Amino acid sequence: MMSALQSHGYRTVVVTGVGAIIGQGIVKSLRQSRRAVRVVGIDRNAYSMGPQLCDVFYAKPACEESSPAYLAFWLDILVRESVDLVLPGIEVDLFFLNAKRQSLSATGATLGLNKAELIELARDKWLLGLELPKAGLAPIPTVLSQNWHECVDTLGMPPFLMKPRQGNGSRGIIRLYDETDFQYWVNKSDGNFMIQKIIGHDDEEFTVGAFGFGDGNSLSPIIFRRRLSPAGNTQYAEVVVDPAIEQATRKLSMFFKPIGPTNYQFRKDNGVPYLLEINPRLSSSTSLRAGFGYNEAEMALDFYLDGIRPETPKVIQGRGWRYSGDFILK
């Protein structure tokens, strides 16, 4: 069956995190592409609806991801399913695949990964911020301090944001209004945080997709003005044209030289775009972007498997919402 599918032009693609919104969005985008795709889903949760979207599903084993057994699990799937391409849908899988590039690529599968150095740098928002002036962008004023008065002296008057240095979206972000708030959350934290000035407003937040070619060039970006869900994912998106955001995205692309799907998140303050984070992977907005004509999963098939630089698609103007629904299997 496997060879018959491949002989008819099917490509086998592993999508991870299919129990979560990003993995499900990748699968949906693959199904909307012009390419014939066989989807192998991977997730820890075999009881979500995600596996129902895939042609084949594997539940992750009950072992540490640093163990030899976990690497063996991956090697077995890549060989058993004759996998052509792997697209990570969650950060933990991105980091694992990045760390095991050599071993996993030896199976013949292509890993749809961004530049290794960017993956590692983007894990730490503090270190990423230190690089932004080199790219020609002003960073959001930020300090590493457990002293309230130092924060006020550097950032001005509160409120401030306490952010984990690692992580994505709005998870773990605390708004600090005074010294009492500050001391409470510092005492509860593991110390791995930064304090940041609040810039802009909620209606001036943007998520941007730009497919990179590894040489500093990227496709023209698709820019969403967005609103977040309580979980920190994009819930509402409106396609916009914003020259300042587009210019900032191009500067970042020229400096970091990303490869493949790359997500940039910005806030604007007095017309100036400030980078919040870079997700060097497919993001929670992937399926929304595909709905407006910017299908990054399809681009990944062309680029990683066939060496084809995708052309900038015609983006449809409009608005999109993410909502909950029912999936019934009888």
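Considering only G232, G167, P310, the residue lying farthest towards the positive end of the dipole of the chain is P310, judged by Cα position with unit charges set on Cβ. Each of P243, P139, G216 was scored by the projection of its Cα onto the charge dipole of region 95-250, and the greatest displacement toward the positive side belongs to G216; charges sit on the C-beta of Lys, Arg, Asp and Glu.
Would you mind ranking L104, L305, L282 so that the residue whose beta carbon has the fewest other beta carbons within 10 Å leads the list? Could the numbers behind the result be given before it?
On the way: L104 22, L305 15, L282 30.
Ranked by crowding around the Cβ, least crowded first: L305, L104, L282.
For region 2-113, take every pair of Cα atoms, bin their distances at 10 Å starting from 0, and report each bin as a whole percent. Spelled out bin by bin, region 2-113 gives 15, 50, 31, 3 percent.
In the chain, the ratio of gyration radius to Kirkwood radius, Rg to Rh, stands at 0.98 when only Cα atoms are counted. For a quick check, take a GNM of the chain with Cα springs below 10 Å and name the residue from F96, F303, F206 with the largest mean-square fluctuation. Maximum among the listed residues: F96.
Could you list the residues of region 204-243 with an amide nitrogen less than 19 Å from a label point located 7 Å from the Cα of W185 in the Cα-to-C-beta direction? Within reach of a label on W185: 228-233. Angle of helix 21-32 to the longest C-alpha principal axis of the chain, folded into 0 to 90 degrees and rounded to 10: 50°.
Considering only C-alpha atoms, what is the centroid distance from region 133-177 to region 14-32, in Å? Taking the Cα centre of each part, region 133-177 and region 14-32 sit 33 Å apart. The tail of the calculated P(r) for region 93-171 beyond 19 Å holds 54 percent of all Cα-Cα pairs. By the count of other C-beta atoms within 10 Å, a proxy for reagent exposure, V13, V241 are ordered fewest to most as V241, V13. For the chain, the dipole from Cβ point charges (+1 on Lys and Arg, -1 on Asp and Glu) about the Cα centre works out to 740 debye, to the nearest 20.
Order of W74, W126 from fewest to most other C-beta atoms within 10 Å?
Working: W74 26, W126 17.
Least to most surrounded, the residues fall as W126, W74.
Run lengths n ≥ 4 of DSSP H only: what is the helix-derived mean residue ellipticity at 222 nm for the chain, with -39500 (n - 2.57) per run over all residues, to the nearest 500? -9000 deg cm²/dmol, from helical runs alone.
Classified by the C-alpha gyration tensor, region 142-197 has a prolate form. Its axis ratio a/c, with a ≥ b ≥ c, is 1.5 or above, and a/b is larger than b/c.
Placing unit charges on C-beta atoms (Lys and Arg positive, Asp and Glu negative, everything else neutral), compute the dipole magnitude of region 1-83 about its Cα centre in debye, rounded to 20. Please report the intermediate quantities before stating the final value.
Details: 9 positive and 6 negative charges, 92 e Å.
Magnitude of the dipole: close to 440 debye.
Near A20: Cβ cut-off under 12 Å, other residues only, Lys/Arg at +1 and Asp/Glu at -1. The net charge is -2.
Any read-out appearing in this document is the output of simple, stated calculations on the displayed coordinates, not a laboratory observation. Note that the structure is a prediction, hence the values are computed from the model and not measured. For neighbour counting, all protein chains shown are included, and Cβ atoms are generated from backbone atoms with ideal geometry for every residue, glycine included.
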